[in-house]
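Working notes, beginning with the structure itself.
The values are calculated or read from the model by the stated rules, or taken from the named source; none is laboratory data. Being a predicted model, the structure only gives us computed values, none of them experimental. Cβ atoms come from the backbone with ideal geometry, glycine included; neighbour counts cover every protein chain shown. These accessible areas exclude ligands, DNA and RNA; they are computed on the full protein's heavy atoms, side chains included. Shrake-Rupley method; radii C 1.70, N 1.55, O 1.52, S 1.80 Å.
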Amino acid sequence: MTTTNTTSAPATTRPQPRVNLKKHTAEMYKALGELDGLVAGSGLEAPLLELVRIRASQINGCAFCVDMHTIDARAAGEREQRLYALTVWHETPFFTDRERAALELTEAITLLPQSGVGDEVYARAAEQFGEEELSKLIWAIIMINSWNRIGVTSRLVPGNYHPSAH
């Protein structure tokens, strides 16, 4: 027996943006931006920071931040192959031990299970980063998670970011 669907599927609609936090709470938004600037200028390698930002944004489902940071990573010379493989970094040979430790810590902090960040994950990161660098990395992960929550909650729309406009 063959059936035919005579109704058309509803058009796909994108969720509409919500409150503009930058506009309505400018001082708080500016303070977060200043903290983010401190992270960016902390001395951690820019390519590493972009990988961390992209990976956390992928996990959090922040399309705006994924768009922004993949553009920034490409502009800084990041290879497409590594960007495409970032969601499966465990399975590829494309990342250094230092980057792997940072990505593992990013996932642990972003997903934050009830048991917290495991000792093994923390130890692997501590092997690759000194205490000061590890502190900066943790702040970088906290920052992108904060921005992701703004992007997802506010439904920031990707597609219009350009590094020179930032």
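Under the condition of being of a type in the set (Lys, Arg) and within 22 Å of Ala75 (Cβ to Cβ), which residue from the stretch 18-55 is surrounded by the most Cβ atoms within 10 Å (Cβ to Cβ)? Walk me through it before giving the result.
In the first step, residues of the stretch 18-55 are kept if they are of a type in the set (Lys, Arg); the result is 18, 22-23, 30, 53, 55.
Checking which are within 22 Å of Ala75 (Cβ to Cβ) leaves us with 53, 55.
On the way: Arg53: 29, Arg55: 24.
Residue satisfying both the conditions and the ranking: Arg53.
Identify the single condition in (1) at pLDDT below 95; (2) under 18 Å from Ala73 (Cα atoms); (3) in a helix (DSSP H, G or I); (4) touching a Phe, Trp or Tyr at 6+ places or on another chain (Cβ under 9 Å) that Ser164 does not satisfy, given that it satisfies every other one.
(4)
Okay, residues lined up against (1) farther than 22 Å from Gly41 by Cα; (2) under 17 Å from the mean Cα position of the chain (by Cα):
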residue	(1), (2)
Pro113	yes, no
Ala125	no, no
Leu134	no, no
Trp139	no, yes
Val157	yes, yes
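Of the residues Ile71, Ile141, Ile109, which single one is of a type in the set (Val, Ile, Thr), closer than 17 Å to Ile54 by Cβ and in contact with a His (Cβ under 9 Å, 6 or more places away or on another chain)? Write out each step before concluding.
Numbers: Ile141 fails: in contact with a His (Cβ under 9 Å, 6 or more places away or on another chain); Ile109 fails: in contact with a His (Cβ under 9 Å, 6 or more places away or on another chain).
Going through Ile71, Ile141, Ile109 in turn, just one is of a type in the set (Val, Ile, Thr), closer than 17 Å to Ile54 by Cβ and in contact with a His (Cβ under 9 Å, 6 or more places away or on another chain): Ile71.
State which residue is nearest to Trp139 (Cα to Cα) when the search covers only the stretch 28-51 and only residues that are more than 17 Å from the chain's Cα centre (by Cα) and in a loop (DSSP other than H, G, I, E, B).
Looking at residues that are more than 17 Å from the chain's Cα centre (by Cα) and in a loop (DSSP other than H, G, I, E, B), I get Ser42.
When you look at Thr92, is it over 20 Å from Gly37 (Cα atoms) and among the polar types (S, T, N, Q), yes or no?
On the way: over 20 Å from Gly37 (Cα atoms): yes; among the polar types (S, T, N, Q): yes.
So Thr92 passes the test.
Return the residues of the stretch 105-124 that are in contact with a helix residue (DSSP H, G or I) (Cβ under 6 Å, 6 or more places away or on another chain) and within 20 Å of Ser146 (Cβ to Cβ); say none if nothing qualifies. Quick ask: steps written out before the conclusion?
Initial filter on the stretch 105-124 (in contact with a helix residue (DSSP H, G or I) (Cβ under 6 Å, 6 or more places away or on another chain)): 105-106, 108-110, 117, 121, 124.
Hits for the stretch 105-124 are Leu105, Thr106, Ala108, Ile109, Thr110, Val117.
Can you list the helices (runs of 4 or more DSSP H) lying wholly within the stretch 63-158 that have 1 or more residues being among the polar types (S, T, N, Q), in contact (Cβ under 8 Å) with a residue 12 or more places away in the chain and closer than 30 Å to Lys30 by Cα?
On the way: elements: 63-75, 80-85, 97-111, 119-128, 131-154.
It comes to 63-75, 97-111, 131-154.
So Leu86 ticks every box in (1) open to solvent by less than 30 Å² (accessible area, probe 1.4 Å); (2) farther than 24 Å from Glu34 by Cβ; (3) over 12 Å from the mean Cα position of the chain (by Cα); (4) at pLDDT 95 or above but one. Which box is left unticked?
Answer for Leu86: the failing condition is (3).
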